[in-house]
Every structure is written in C-alpha cells, then in structure tokens.
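Read the structure below first, then the notes.
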Amino acid sequence: MYVHVSSKYGKKMTIIHPGEFYVSETDELIGTLLGSCVALCLVDPVRGVAGMNHFMLPGRISAADVFSDDSAKYGIIAIHRLLDTMENMGSHKNDIHAKIFGGGHVLDISGGSSIPLDNIRLARMMMEFEDIHIAASDVGGRFTRKVLLDVRSGNAFLKRSVREDVFLEVQKKEEEFARRSFIDG
C-alpha cells in the first residue's frame, strides 16, 4: 500500500495494488487503478466504515489453490478478508452495500482469457451469497479504471481511460503480477 496526502482532494489517500485490501473509518480516500482486476468496495454508512480490495484471480476452492495460499490475490480470499475486517470494526452485514469495478479486458494471454469475467462473476456471486446489495457496478469493456472511494461519504468516483500509455502500464503491471502469482502460487 502507498499512503500520501492528496492536495487535489485535501485528504489522506491510501492506494492499494493487486493482492491488497484496506478498510478505514477515517475521513480519507482509498484508490486503485484497474485493468482486468476487480475492486470490490464495501460501505457501511451506519458506522462510517468502508473498504476496498483489489484482486486479479478469482481463486478456486481446492487444496492446490486457495487453501495453499491465503493471500488476498484471490478474490475468494480478498472478499472474505474485507468483509471480516469490516465486521471486526463493528459493521453488520445488513448495513453494508457493495460497489464493483473493473474486469476490463487488458491482459494479452494467448488463447483468450476468462479471468476478467470470472473476477466479475465471483464478486457478484459472493455478494449474493452474503446477501449484500450491489449499489453500483461498472465492469467489463476494454479500458482501465481509476477508482477512488471516499470512506466518510461512501461515494465512489470512477474515471475510465482508453489512453494507450495507461492501458500499457496497467497491462504490464497485471502481467507481472500474474506471472508472480502463477510462479509463487
């Protein structure tokens, strides 16, 4: 995670990267840049708690996958950790709503990739399973997304980009993360 004070927004901003999540109850912003990854934002307006994760791989429930590596790079783990952390901070599931972003087609994997669609599907299924309302969603397409979540208000701000330099930078970072994940995992 990278933390800095944004002069543009006048608040502390915590930037998360693939495999990370962050939950806060202070007046700050949580941000990330997405390509094929998905960011699930959970907001509890009753207690003023909000969080975001950034996952690249959906994960499978098998000993060779999720149970051998409990990192937040897998959506199935990242979503549980985000929700558990919010509940440990006093949130109740019935007060939480979700916002889902990302799942763009930016990875150039031969033979095509279902990773973006699998990530989106997992986030939606887990919210349905947990009975958490999805209040907003901006997923799919062939562009990158910059997402900022204002913890205090629960508002999410989204900027889509089709700029080639941003697209290439996100693609490079996600491919590096994917290689590390397949080698490490």
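All of the numbers you see were taken from the coordinates with simple rules; none came from a lab. These numbers were taken from a predicted model, which means no experiment stands behind them. We place every Cβ from the backbone using ideal geometry, glycine too, and count neighbours over all the protein chains shown.
For E128 and H105, calculate 0.36 nm times their separation in residues minus their Cα-Cα distance, and state this gained length in nm to one decimal.
5.9 nm
Looking at this model, which pairs from K8/K99; K11/K93; K99/K146; K93/K146; K8/K159 are more than 20 angstrom apart at the alpha-carbon?
The answer is K8/K99; K11/K93; K93/K146.
Sticking with the crude label model, points 7 Å out along Cα→Cβ, report the distance from S114 to N88 in nm, one decimal please.
Reported label-point gap for S114 and N88 is 3.4 nm.
Output the peptides 75-83, 139-147 sorted from most to least packed, where packing is the average of other Cβ atoms within 10 Å over each peptide's residues.
Descending packing order for the listed peptides: 75-83, 139-147.
How many nm separate the modelled label positions at A136 and Y9, each set 7 Å beyond the Cα in the direction of the Cβ?
1.1
Go through 47-53, 93-99 and give me the packing order, highest mean Cβ count within 10 Å leading.
Numbers: 47-53: 24.3, 93-99: 17.9.
Top of the packing list down: 47-53, 93-99.
Give the order of F101, F157 when sorted by the count of other beta carbons within 10 angstrom, beginning with the fewest.
Fewest-to-most ranking of F101, F157: F157, F101.
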